[in-house]
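One structure is given here, and the rest of the page talks about it.
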Amino acid sequence: MFYTFKEIEEKWQKEWERQKIFSVNSSSGRKKYYLLEMFPYPSGKIHMGHVRNYTIADVAARYKIMQGFNVLHPMGFDAFGQPAENAAIKNKTRPDAWTRKCIEWMKVELKKMGFSYDWDREISTCDSSYYKWNQWIFLKMFEKGLAYKRASAVNWCPSCATTLANEEVIEGGCWRCHTKVEQKDLEQWYLKITDYKEKLLEDLAQLKDWPDRVFSMQSNWIGRSQGVEIYFKLKEADKTIPVFTTRVDTIFGATYIVLAPEHPLVKKIVKGKPQEKSVLDFIDKVSQESKVVRQASDVKKEGVFTGAYAVNPVNNEEVPVWIADYVLMEYGTGAIMAVPTHDQRDFLFAKEHNLLMRIVIKDPEFKAQNPNETSQAYEGDGTQVNSGQFNGLPNQEAKIKIAEWMEKEGIGKIQTHWRLRDWLISRQRYWGTPIPMIYCKKCGTVPVPYDALPVKLPADAPFTGEGGSPLGKVKEFVECSCPKCHGSARRETDTMATFFDSSWYFLRFCSPNFDQGPFDRQEVKYWMPVDQYIGGIEHAVLHLLYSRFFTKFFQDLGYVDFNEPFTRLLTQGMVLKDGEVMSKSRGNIVDPDSIIQRYGADTLRLFILFAAPPETELEWDDRGIEGAHKFLNRVWRIRENLKEKADQDLIKVMHRLIKRITEDVESFKFNTAIAAMMEFVNAIYQSAADREVFSNLLIMLGPIAPHFCEELWQSLGNKESILKASWPKYDPALLVEENVTIVVQVNGKVRSKIDVPAGISESEIKKLVLADEKLKPWLQNKPIKNCIVVPNKLVNLVI
RNA sequence: GGGCAAGUGGUGGAAUGGCAUACACGACAGACUUAAAAUCUGUUGGCCGUAAGGUCGUGAGGGUUCAACUCCCUCCUUGCCCACCA
């Protein structure tokens, strides 16, 4: 006999919607709880990753509702982006029509899962009522000098025909299509996220409930490194070359310096020298190499001598100036001091080109003082040698002393360098938020006035896929009048990166229809910050960093009174099939809808929570889903055998399990919570359960299998939704056992178990243990050296 | 190259100093059935043993401890992040 999941699920989905049971407002007297999942890109179908993400969140939401919280649990769509445009090119549709259809399909599937969303708050970033506020935020940033336009070498994806942010380049390829990224000189809009680098790094410390992984990924990405900028004077010209180092303790071993080939000084210092031609040839060669090739770590380090010399300021030694491909213009000062004995790259380069080496840090384990005897650079700690007045100091101590001394002497400056770059947000794409800027021949770059927002995206544009901004081809869009002089002017035709849209959507959910600003400050004050955020680890750097940046910006504007948007973060693991990530290209996709058809949403929810803890990878198993379904049927049948009065022992078991399940659900250990419920059900089958016992089981299973439990709850005669029932409490008095089983070990090995009354004294336990017949062969009258007693648990006899 | 995480039965996993393998899947057996499915009830880490029981066992090796999957050190493997970053 099976429960009829299809009818039951449809019935309750309709009922929840009719009652508007998940609609919330800020005027409730209850304590707020804001639960948020990373909103999806509307591709049209939900996949197992979505199911897992949203099921985890839904259990938490329903649990919090039952705990009496005022739970905000919204859903929306990150609707701008390239796939819509690509689909438009392929299927000859319009991106907005395609996107809206996808959203409708997706909503149907999300609703079939029974998720507890407040659909009244639904937002789509492609609605002008949303992206109007993207433009508003952009203008505010422009006002504050945080949005600016500059020409520079940018990452360019030839396949997507658009620029990419640094964060969107993964191993030299495009994050979306993996095409090798090229460098292109373009004038583009940037956001000055670097203004917030210190705060973004420091405030990570507040995020105690974030996974360590995300924490370290963010701090790696921001990449603070402390060191010294050292000034090397050029010998023949009145010029100084600053270099940056984190190893100022090795300065006395700096026997040459190396500039990046693009370094502006290079061409000046080689002028007229015999080396001029070889240097220019080398620069030419390097410039033709792509960044990817150049950054591959196995490539041999190449370089040439410039013919110039500089002076090492600590010992006035003349050192040759080289250029080499392994020095990058983008990092530090674009020039390095080379210490071949204590840096492996410098070592290889010096060997190749026969450059002077000098040991300045003595490896405590290694006796050689002659660099020729070493086969690699020593990068560890040691004692200073050949380092003038700093000889004999441990290098870590010398690092500080040398830096201070150099600052005093005016030959160096203690400095901090950062890896974080400004955020490039211009995209040469149609399906995004138009950047609200106007170019006037007379007035220059002029922002669109606030009251002229939104700058609406024209309904259609010619997509050729050939690159260049499609908006540039829409005459009615481009041509406009200058807000200042009213003369003829042109609009900016690039659109914003879609990560802009998702950097503040969590604020919009607090007041999704507010039209006086991006959000209602009172509502935000009530709901924010997000108490629990749930999503994929793939957003650990991009989206989470940008959202933190926006939040800090709003704080500086005085619009919010907190500095971090997400108090707790849970990053759910991926769903695998046969050990591999489910993907179309691998052809190992399991479609959630087919599982819902066959077993129902409740079974799918139960399985996906039971199969693995939320943070770890989950291996999809078709047999496991059968098991989950069987369990629900087993619960269903309990109702037929309810007794007038439950067995007293079962009640005790129940209280113990209420404790365990509550603790597990509270800490998102849904897999063990379900295991405990299964034990509970096994205990019921071995015993006699009554209505109350069964009700408690239903309430606790409710967040996991909501339709199923609502139906049984109603069949017990309850008039209101199970969501209005309060979470069961356990009676601590019933947890106390009269007898406990004590494990008896001899020399750490289990040899016996004895039942004793709970809470008896150590000496009584010892007496009982020594009387135990089972232990006789092990003890054999050997003297007992030690006896460890762990109350109510274990005794260990050491002989 | 650097950083972080993980490694437990046939499988997913549980236990974070105190009985290793909870719970489930799978497998095997029994009950019900003309039969099958479903359901219910058992058994199920390896080795030795008819059994009682013994013994080995949480990637490998070492250490701390009365006691280690758990803490420390070395190594191996896998995954993720960063990376000619000075």
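From the residues in the range A:191-214 that are assigned to a helix (DSSP H, G or I) and among the charged types (D, E, K, R), which one is farthest from the chain's Cα centre (by Cα)?
A:D195
Kindly provide the set of residues from the range A:124-160 that are touching a helix residue (DSSP H, G or I) at 6+ places or on another chain (Cβ under 6 Å) and either surrounded by fewer than 20 Cβ atoms within 10 Å (Cβ to Cβ) or within 15 Å of A:K192 (Cα to Cα) (or both), ordered by number.
Within the range A:124-160, just A:A147 meets the criteria.
Please go through the range A:188-215 and pick out each residue that is among the aliphatic types (A, V, I, L, M) and touching a residue at least 12 places away in the same chain (Cβ under 8 Å).
Passing the criteria: A:L191, A:I193, A:L200, A:L201, A:L204, A:L207, A:V214.
Which residues, taken from the range A:304-336, are within 16 Å of RNA strand B (Cβ to nearest atom), open to solvent by 10 Å² or more (accessible area, probe 1.4 Å), closer than 13 Å to A:I257 by Cα and over 36 Å from the mean Cα position of the chain (by Cα)?
A:V304, A:P313, A:W322, listed by residue number.
Might you check whether a residue that is open to solvent by 40 Å² or more (accessible area, probe 1.4 Å), within 16 Å of RNA strand B (Cβ to nearest atom) and within 29 Å of A:T4 (Cβ to Cβ) occurs anywhere in the range A:695-711?
no
Hey, among the residues in the range A:164-209 that are more than 17 Å from A:N563 (Cα to Cα) and of a type in the set (F, W, Y), which one's surrounded by the fewest Cβ atoms within 10 Å (Cβ to Cβ)?
Checked the range A:164-209; the qualifying residue surrounded by the fewest Cβ atoms within 10 Å (Cβ to Cβ) is A:W175.
Go over the candidates A:T571, A:T616 one by one and state the one that is out of contact with any strand residue (DSSP E or B) (no Cβ under 8 Å at 6 or more places or on another chain) and touching a residue at least 12 places away in the same chain (Cβ under 8 Å).
A:T616
Return only the number of the condition from (1) at pLDDT below 95; (2) open to solvent by less than 20 Å² (accessible area, probe 1.4 Å) that A:P436 does not satisfy.
(1)
So, in the range A:29-59, exactly how many residues are open to solvent by less than 10 Å² (accessible area, probe 1.4 Å) and among the small types (G, A, S)?
Number of matching residues: 2.
Give just the number: which of (1) in a loop (DSSP other than H, G, I, E, B); (2) open to solvent by 20 Å² or more (accessible area, probe 1.4 Å); (3) out of contact with any Ser or Thr (no Cβ under 8 Å at 6 or more places or on another chain) does A:P454 not satisfy?
(3)
Which condition breaks for A:K351 when tested against (1) free of Cβ contacts under 8 Å to residues at least 60 places away in the same chain; (2) more than 11 Å from RNA strand B (Cβ to nearest atom); (3) in a loop (DSSP other than H, G, I, E, B)?
For A:K351, the exception is condition (3).
All but one of (1) modelled with pLDDT under 95; (2) small (G, A, S); (3) in a helix (DSSP H, G or I) hold for A:A57; state the number of the condition that does not hold.
Result: A:A57 passes all but (1).
Among the candidates A:K774, A:K753, A:K782, which residue alone is of a type in the set (K, R) and at pLDDT 80 or above?
From the options A:K774, A:K753, A:K782, the qualifying one is A:K753.
Kindly indicate the residue of the range A:60-77 that is assigned to a loop (DSSP other than H, G, I, E, B) and modelled with pLDDT of 95 or more and also surrounded by the fewest Cβ atoms within 10 Å (Cβ to Cβ) among those meeting that condition.
A:F69
Return yes or no: is A:P74 in contact with a Leu (Cβ under 9 Å, 6 or more places away or on another chain) and under 26 Å from A:L604 (Cα atoms)?
yes
Here's the yes/no breakdown for (1) surrounded by 15 or more Cβ atoms within 10 Å (Cβ to Cβ); (2) out of contact with any Pro (no Cβ under 9 Å at 6 or more places or on another chain):
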residue	(1), (2)
A:P211	yes, yes
A:F215	yes, yes
A:E229	yes, no
A:T255	yes, no
A:L259	yes, yes
A:P264	no, yes
A:G272	no, yes
A:K277	no, yes
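Would you say A:Q218 is in a strand (DSSP E or B), among the polar types (S, T, N, Q) and touching a residue at least 40 places away in the same chain (Cβ under 8 Å)?
no
Could we say that A:I425 is touching a helix residue (DSSP H, G or I) at 6+ places or on another chain (Cβ under 7 Å) and surrounded by 21 or more Cβ atoms within 10 Å (Cβ to Cβ) here?
Yes; evaluated as a whole, the condition is true for this residue.
Give me the pairs: first residue in the range A:477-490 and part of a helix (DSSP H, G or I), second residue surrounded by 12 or more Cβ atoms within 10 Å (Cβ to Cβ), beta-carbon distance under 6 Å, and six or more apart or on different chains, which are they?
Every condition considered, the pairs that remain are A:F477/A:P458; A:F477/A:L471; A:V478/A:R490; A:V478/A:R491.
I want to confirm something. Restricting to the range A:563-611 and keeping residues that are within 12 Å of RNA strand B (Cβ to nearest atom) and under 20 Å from the mean Cα position of the chain (by Cα), which single residue is farthest from A:S502 (Cα to Cα)?
The extreme case among them is A:L576.
Could you check A:Y546 against (1) part of a helix (DSSP H, G or I); (2) within 16 Å of RNA strand B (Cβ to nearest atom); (3) surrounded by fewer than 21 Cβ atoms within 10 Å (Cβ to Cβ) and say which number it fails?
(3)
Look at A:R605 and say whether it is surrounded by 14 or more Cβ atoms within 10 Å (Cβ to Cβ) and assigned to a helix (DSSP H, G or I).
Spelling it out, A:R605 is indeed surrounded by 14 or more Cβ atoms within 10 Å (Cβ to Cβ) and assigned to a helix (DSSP H, G or I).
Given the criteria open to solvent by 40 Å² or more (accessible area, probe 1.4 Å) and among the aliphatic types (A, V, I, L, M), does A:A725 qualify?
In short, no.
For the subset of the range A:614-628 comprising residues that are assigned to a helix (DSSP H, G or I), at pLDDT 90 or above and within 22 Å of A:D664 (Cβ to Cβ), which member is nearest to RNA strand B (Cβ to nearest atom)?
A:G627
The values are calculated or read from the model by the stated rules, or taken from the named source; none is laboratory data. None of these values were measured; they are calculated from a predicted model. Positions of Cβ are backbone-derived with ideal geometry, glycine not excepted, and every protein chain shown enters the neighbour counts. Quick note on the areas: whole protein, heavy atoms, side chains included, nothing else; ligands and nucleic acids left out. Shrake-Rupley method; radii C 1.70, N 1.55, O 1.52, S 1.80 Å.
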